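Scroll down for the structure; my scribbles are underneath it.
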Amino acid sequence: TAALNAQKAHAYALRAYCHYKLFAFFTPDYTNPNGLSVIKFDFLQTDDYTRFEKRSTVAEIVAFIESDIQKVKALGGVTTTSGSGYASNEMVESILIKMYSMLQTPAAYAKLETAFNNLDATKSIADAGTYIGMFGSGADSADPTEGIFKLNRVSTDGSVQSGVASSWYPEEVGTAPYMEIGRSLYNELDKLEPSQQGQPYNGSRLEARYLSSVHSNSVVAPNYASLSQQQYRENDLLFIGKYPGITNRPLMNSLWMFRYTDMLLSLAEKRAHDGQLTGTVAIDNFSNVESIIYNIRVNRNLAGDGTPLSMPTNFSTQQAAFARILEERRVEFAFEGQRYLDMKRLGVRAGSPGFVRDAQDCASTGACSLAPNSTKLTLPIPRSEMVSNPNMVQNPGYN
């Protein structure tokens, strides 16, 4: 019975995770409890081809996810000794934290803090060296203090290389990179260490997020903005360093879905909503937005001297605080697949212009920006679903 209950707890945890992911990408408006979300899959596969499910409401999906997690806890929680590639109690709390941050109501934020406190007992911010190691070739053999849940890839997973989130740097794919760091993101990473800002690449920098995201083979042109398009393409080569691959599998890594710092910045969103913008700034003080960002930056300084290399200065209004959180998330989770949903959730509240490319990067296409309230920040219902299900309703902007 105990073994069966343990397996059921894992199954409920994974079902809650899957519904959370669907909810995040396919729900047009998280804050409207009566708005459309996704189909609630609380039934087994059926061969009844006359059964056509409707999309559930936001409130119904939230209640369903909460119900699955309540079942997990009633069964004694999720216990595993196999590492962060498996469901865990921390992963379950993380689902709640991320979901409640989307709802943006006082009641949801109160539940978010409760879930965070449950998580805070077992996890903490990784130091700078550990942070870098979470994305390198040895990441899959380590289970960092910060790591909560990852999509696990191991060196025996077939023979095909997969560079979903990697840099595809030249030594792996030929004479030119397939994709590079956008210049606007690079500039944000660059300014994290003011003494190095605007300089060529320097592997002796102390900012862990710069060193993790920017590959050491990069060639940085400080005068990039004044170069011609051809010169820019040839002389400003910003290779992505995150997720370089694991042993025997270049360009293939486990991908972090939940990290403690992600949850801490979700708590910062709650602090911003409550007006707790500034105040005491100290180690392990998470009582206001400024102090939370301070704690993260202290732990991204490789000098390990208990100070950040730089700090934002404007936390004066709620909008400014949301802007600082959005900026911090951009550099903290670069190439981890977070930016799309971050902009959807926080862009308008932060007064952000949305996705804005550097002028050099968009000169050839004119595709320079995407507003934070664009309907493209919600995915379309796939055509196969629309054709096969007469009860399916398409998301706005895709008719």
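The values are calculated or read from the model by the stated rules, or taken from the named source; none is laboratory data. The structure presented is a predicted model; accordingly, all values stated were derived computationally and were not measured. All Cβ positions, glycine included, derive from the backbone under ideal geometry; neighbour counts span all protein chains shown. Areas reflect the complete protein model, heavy atoms only, side chains present, ligands, DNA and RNA absent. Shrake-Rupley method; radii C 1.70, N 1.55, O 1.52, S 1.80 Å.
Residues that are open to solvent by 80 Å² or more (accessible area, probe 1.4 Å) and over 18 Å from Glu385 (Cβ atoms) within the stretch 31-41 comprise just one, Asn34. Residues that are under 25 Å from the mean Cα position of the chain (by Cα), of a type in the set (D, E, K, R) and either surrounded by fewer than 13 Cβ atoms within 10 Å (Cβ to Cβ) or closer than 10 Å to His19 by Cβ (or both) within the stretch 51-75 comprise just one, Asp68. One residue stands out among those in the stretch 256-279 that are more than 14 Å from Leu112 (Cα to Cα), in contact (Cβ under 8 Å) with a residue 24 or more places away in the chain and more than 17 Å from the chain's Cα centre (by Cα): the one that is least open to solvent (accessible area, probe 1.4 Å), which is Leu277. In the stretch 342-385, the qualifying residues are those that are among the basic types (Lys, Arg) and surrounded by fewer than 17 Cβ atoms within 10 Å (Cβ to Cβ), and the one that is farthest from Tyr30 (Cα to Cα) is Arg383. Filtering Val214, Val154, Val164 for residues that are closer than 30 Å to Gly85 by Cβ and modelled with pLDDT of 90 or more leaves a single hit, Val214.
Yes/no matrix, rows are residues, columns are (1) free of Cβ contacts under 8 Å to residues at least 12 places away in the same chain; (2) of a type in the set (Gly, Ala, Ser):
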| residue | (1), (2) |
| --- | --- |
| Ala13 | no, yes |
| Ala16 | no, yes |
| His19 | no, no |
| Phe23 | no, no |
| Tyr30 | no, no |
| Phe41 | no, no |
| Thr50 | yes, no |
| Arg55 | no, no |
| Val58 | no, no |
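Considering Ala334, Ala282, Ala363, Ala367, the condition of being under 22 Å from the mean Cα position of the chain (by Cα) and on the phi < 0 side of the Ramachandran plot is satisfied by Ala334 alone.
If you check Ser291 against the conditions, is it farther than 28 Å from Ala371 by Cα and either among the small types (Gly, Ala, Ser) or modelled with pLDDT of 95 or more (or both)? When the stated conditions are applied, Ser291 passes them. When the test is whether a residue is part of a loop (DSSP other than H, G, I, E, B) and either of a type in the set (A, V, I, L, M) or at pLDDT 95 or above (or both), Met252 passes it.
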